[in-house]
Amino acid sequence: MKKKPDNVYWLQNDNDRQQTRPGPTGRPNGQTPQQRPSNKINRVILAIVGIILLVYIYSIFNSNMNSSSSSQRTELPYSQFLNEVQQKNIKTATIIGTTDITGTLKQPISGQTQYHVTQLPNPDPQLYSLLSANGVQFNYQNPPDNSWLSVLLYAIPWIALIAFFIYFTRRASQGQQGIFSFGKSKAKLILEDRPSTTFADVAGVDESKYELQEVVEFLKTPGKFQRLGGKIPRGVLLVGPPGTGKTLLARAVAGEAGVPFFSMSGSEFVEVLVGVGASRVRDLFEQAKKTSPSIIFIDEIDAVGRQRGSSINTNDEREQTLNQLLVEMDGFDTRQAVVVIAATNRPDGLDAALLRPGRFDRRVTVDRPDWNGRLAILKIHSKKVPLAEDVNMVAIARSTTGMVGADLANLVNEAALLAARRNRDTVDQRCFEEALDKILLGAERPLVLSDEDLNVTAYHEGGHALTGLLLEGSDPVTKVTIVPRGQALGVTQYTPLDDRYNYTKEYLLARVVTALGGRAAERVIFGSVTTGAESDLQRVTQIARQMVTRWGMSERLGTISYSERENPFSGGGDTGAPTDYSEETAEIIDEEVNKIVKTCYEQALYLLTTYRSTLDRIAQDLRRYETIDIKQMHAIMEETGAPLAESQLEAMRQGTGISLASPPPTAIPVPPETQMGQNA
C-alpha cells in the first residue's frame with residue numbers, strides 16, 4: 001500500500017502502475033558543499049616552501065652556469081700563471097678580489113684561450129708590477145656578495161623542519177577536532193555592527209513580534225525596567241511548526257536590539273566524549289556574559305532539553321548538558337543583560353525544570369499564518385521578483401491555507417524559475433498556479449492510459465466534484481483534472497472561502513461524502529469498484545474515527561474523548577487507537593465509525609444516482625478537455641438543471657475560484673479546510 005502524499009488531496013492510488021521515478025538524492029536545494037575557511041598559518045607555510053624552492057632553483061641554475069663557463073676555460077696553477085706572464089702569453093687579466101684571476105691567453109693551452117687562476121691566501125704584492133712590465137691588460141673587480149645566500153642555504157633545513165612540524169601538528173589537531181578544543185563552544189557569533197535581520201523582514205506572525213518587542217526594548221534600555229525593580233527576562237521559548245520563522249524571529253530580535261547574537265543548535269552541544277556538552281554550555285554563556293548585552297539562540301533545544309528519566313534510553317551526557325544549562329540560566333547576574341531564545345516544535349517533550357519561570361519566562365507561539373499573514377509574506381518574498389499585472393496576491397494567499405513562510409518562499413522561487421525557463425520577463429499568475437501544483441502534486445507524468453482507465457478516472461473525479469457542488473457546507477470546487485501528476489491519476493480541488501479554526505459536524509460529514517464520491521460514482525456507472533479509492537477510504541476512516549474518539553460527535557458514546565491529543569506542531573496525528581478503554585468500548589467505536597462511513601456512502605450514491613446526467617456531462621468534458629475549471633462546472637450544472645450549493649455561488653461572487661492546488665495539512669490531524677482535493 002502506498003503512503004499517501006503529504007499534500008491535502010485525496011489522490012487516486014495507482015498500485016498496479018509503475019511508480020514515479022524518485023528525484024536525485026544528494027544535498028538539499030541551494031545547499032553547497034561546506035568550504036573550509038582559509039588558514040593564515042597554512043598560507044605562511046606554503047610561502048616558506050615556495051621561497052625554499054626558488055632559492056634551490058637559483059642555486060642550481062647558478063652552479064650550472066659556473067660549471068658551463070668553467071668547462072670552456074683551463075685551470076692554471078698560480079706558478080704556471082706567473083711563468084705564462086713572464087713568457088708574455090697572457091693577453092688580459094681580471095683580478096677578482098683576493099680569490100680569483102680570469103682572462104685570455106695569446107697561445108691556447110690545452111685547446112682553451114680562457115683561463116682561471118686561484119690566488120694565494122696572501123695576495124702577491126708584486127703581481128701588479130709584473131703584469132705591467134709584461135704588457136698585460138688587467139683590471140680589478142670586487143667579488144659578488146653571496147653571504148645572504150650562504151646563510152639562507154644554511155638555515156633552509158631548519159626552516160623546513162619547523163614548518164613541516166607546525167603543518168602536521170595542525171593537521172592532526174584538525175583531524176581530531178582539536179584535542180584541546182572539545183569543550184569550546186561552536187556557537188556562530190553575529191556582531192552588532194553587521195547587517196542583520198529586522199522585524200521589517202518578518203511577516204505573518206505579528207502577535208509573536210509584539211511579544212518580542214519588549215525583549216528588544218529591554219536589551220536597548222535595561223535601566224528603564226531595572227529602576228522599577230523589574231528583572232531581566234531569562235529566556236523566551238519560541239514554539240511552532242517547522243518553517244514558521246522561529247529562527248528568523250530570533251535574528252530579528254538581535255537585529256533590532258543591535259547586540260551580539262550567539263547562534264547554536266541543540267545537537268552541537270553533545271559529543272562522544274563525556275562532559276563535552278556541559279563544558280560547551282559553560283563556554284557559551286561565558287562568551288555571552290563578556291559581550292553583554294547579548295542574545296543566545298539555541299535552535300532545536302529539544303535535542304538536549306528532553307525530559308529526564310522519561311524513557312529507558314536515557315543519555316547521561318545529554319542529561320549532564322541539560323543540568324549545566326539549567327544552572328547557567330538560573331545563575332545569571334540580574335545586572336547582566338543576557339537573554340536566551342530557544343526554538344522547538346516539540347514543547348511537550350521538554351523538561352519541566354527548563355520551562356519554569358526564571359528560566360524560560362515566556363513561551364511565544366509562532367503558528368501558521370492566516371491569509372492576511374500569508375499575503376504579507378508573499379509580498380516580502382516577491383519584492384525582487386518582477387510580477388506581471390495579472391498576478392493576484394490576495395487570491396494566492398487565500399488559496400494557500402496551511403502554508404508557512406518557508407512554503408511560500410519556495411512557491412515564489414519556483415514560480416520565478418518557471419518564468420525564467422519560459423524566457424519571460426515577468427512572473428504571471430499562471431506561473432504561480434503551475435508552481436503550486438508542482439510543489440504539492442509533482443510534475444505531470446506522461447502516462448499512456450487506456451480508454452477504460454481514462455473513463456474510470458473521469459467518472460471517479462466527476463463523482464468527487466459533483467458531490468462537492470451539490471452539498472451545502474462543502475468547500476467550493478475550483479478545478480477537476482484527469483492529468484496524471486505525481487502518484488495521482490486525477491485531482492479534484494477544493495478551495496475554502498476563509499481559514500477555518502472550528503469544524504462543525506455537518507462540515508466534517510460533507511467532507512466524508514465528497515471523499516466517497518469517487519467510489520460511489522464507480523458503483524453507479526460501472527456496477528463495480530476499483531482500487532483507485534484506497535487513499536480516499538483511509539482519509540474517510542481517519543475523519544470518522546476522530547469524530548468519534550476525539551471530538552465527541554457520536555450520540556452513542558457521548559461527549560467523551562477516547563484518544564490522547566498529540567503534539568500539534570509535530571505534523572503527526574492521533575490514530576485513535578485503543579489506549580485506556582475496554583474492548584467493549586473499542587467495539588462500539590468501530591461500530592460508530594462504520595455507521596458514519598456507511599451513511600455518508602449511501603448519501604453519495606443517492607446524489608450521484610439522482611443527478612447521473614450531470615455526472616455524465618462532467619466525465620465527458622473531462623475526457624474532452626482533461627481539465628475543467630469552476631466556470632465550466634457551473635455551466636454544466638445550469639445546463640443539466642442540477643442545483644448549486646450556496647458556497648459555490650459565493651465562490652463565484654468573490655472570485656476565489658482560481659486553479660491553484662491546495663495547501664499542506666495544518667496542525668490538526670485531519671483539518672478539513674486543508675482537504676482541498678480528493679483522490680481519483
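Each value in this text was obtained by applying a stated rule to the coordinates, not by laboratory testing. Keep in mind that what you see is a predicted model, and the values were worked out from it rather than measured. Neighbour counts are summed over all protein chains in view; Cβ atoms, including those assigned to glycine, are modelled from backbone coordinates with ideal geometry.
The H on the amide N of Arg363, modeled in the peptide plane, is under 5 Å from the matching H of Leu237, each at least 5 residues off or on a different chain.
Applying 0.36 nm per residue to the separation of Arg556 and Arg346 and subtracting their alpha-carbon distance, the gain on full extension is 72.1 nm.
Listed by Cβ neighbour count within 10 Å, with the fewest neighbours leading, Phe165, Phe138, Phe261 appear as Phe165, Phe138, Phe261. What FRET efficiency comes out for Arg282 versus Asn372 if R0 is 56 angstrom and r is the Cβ-Cβ distance? Round to the nearest 0.05. After rounding, the FRET efficiency stands at 0.80.
Using 7 Å Cα-to-Cβ label points, what is the Asp330/Ala47 separation (nm, one decimal)? Those two pseudo-labels are separated by 5.3 nm. For Trp158, Trp371, the sequence from fewest to most other C-beta atoms within 10 Å is Trp158, Trp371.
Site pair Asp124 and Gln112 shows an inter-label distance of 1.9 nm when each label is modelled 7 Å from Cα along Cα→Cβ. Placing pseudo-labels 7 Å out from each Cα toward the beta carbon at Lys91 and Gln137 gives an inter-label distance of 0.9 nm.
Report the FRET efficiency, 1/(1 + (r/R0)^6), for Lys384 and Arg308, where r is their Cβ-Cβ distance and R0 is 45 Å, rounded to 0.05.
Values: r = 47 Å, r/R0 = 1.05.
With R0 = 45 Å, the Cβ-Cβ based efficiency is 0.45.
Relative protection proxy for 446-454, 494-502, 614-622, 421-429, from highest mean packing down: 614-622, 494-502, 421-429, 446-454 (other beta-carbon atoms within 10 angstrom). Which pairs in the list Lys383/Lys479; Lys231/Lys289; Lys209/Lys289; Lys505/Lys631; Lys209/Lys290 are over 22 Å apart, alpha-carbon to alpha-carbon? Violating the 22 Å limit, Cα to Cα: Lys383/Lys479; Lys209/Lys289; Lys505/Lys631; Lys209/Lys290. Distant-in-sequence amide contacts of Ile90, defined by a placed amide H-H separation under 5 Å and a gap of 5 or more residues or a different chain, comprise Lys106. Taking amide hydrogens as placed 1.01 Å from N in the peptide plane, the amide H of Thr74 sits under 5 Å from those of Gln114, Tyr115, His116, each at least 5 positions away in sequence or on another chain. Would you list Ser279, Ser129 from fewest to most Cβ contacts within 10 Å? Listed from fewest to most nearby Cβ atoms, that is Ser129, Ser279.
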